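> The structure follows.
Just so it is clear, none of the values below were taken in a lab; they were calculated from the coordinates. Model, not experiment: these values are computed from the prediction. When we count neighbours, we look across all protein chains shown, and the Cβ atoms used for this are built from the backbone with ideal geometry, even at glycine.
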Amino acid sequence: MRAEADGKLGVYNIPLREMLTYRLSRLNARLNAQAAKILKESSGLSQAQWRVMVMIDAYGPIPPAQIVRASLMDKGQLSRTIKAMAAQGLIRINDSESDHRSHLISLTDRGRTLFERARPAMQARQSQLAGTLGGDDRAAFHRVLDRLEQALDAAE
């Protein structure tokens, strides 16, 4: 499918800039590139490592399955990330006392140090992004995101 001279894309018959999925995909790619740069410069962490650390920071020792449910992270990617983080001494993996088939992951001192090194830059990024929207726009943006998620849930 090719974009026509009028900016419309084949069967969709609307300008690309009006396609929600196109815009969200572009925004996500740019946000990911920005986060990757900030994380590399501030701590050397990858985005996947950062996401795991954020989940541990938010919930405490956590089973990988809960990370998958909460973040929608791919199971295979999460498994590889956890193995790499354990090998680097960033997390520890312990058997769950309540479910012996499950494990709990938690930050090591080294992992906590890198997390705390990256946190100020990532918080500043979050504040800067949120600050570009006034309170009313931010609330409306969250309502729109909620509606889109509800529509996806209903379609599944």
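> May I ask you to order 113-123, 139-149, 41-51 by the average number of other C-beta atoms within 10 Å around their residues, highest value first?
The most tightly packed comes first, giving 41-51, 113-123, 139-149.
> Grab the other residues whose beta carbon is less than 14 angstrom from that of Gln88, score K and R as +1, D and E as -1, and report the net.
+4
> Hey, another quick one. If I model a spin label at Glu156 and Lys37 as a point 7 Å from the Cα along the Cα→Cβ vector, what separation in nanometres do I get?
Modelled inter-label distance: 3.3 nm.
> Note the listed values [x] 1.15; [y] 1.45; [z] 1.05, then indicate which one is Rg/Rh (Cα atoms, Kirkwood Rh) calculated from this particular structure.
Identified label for the calculated read-out: [z].
> Between Ser25 and Arg69, what's the calculated FRET efficiency when r is the beta-carbon distance and R0 is 25 Å? Round to 0.05.
It comes out at approximately 0.60.
> Let me ask something additional. At 0.36 nm per residue, and after removing the present C-alpha to C-alpha distance, how many nm does the segment from Arg119 to Ser98 gain when stretched out fully?
Value of the extension gain: 4.4 nm.
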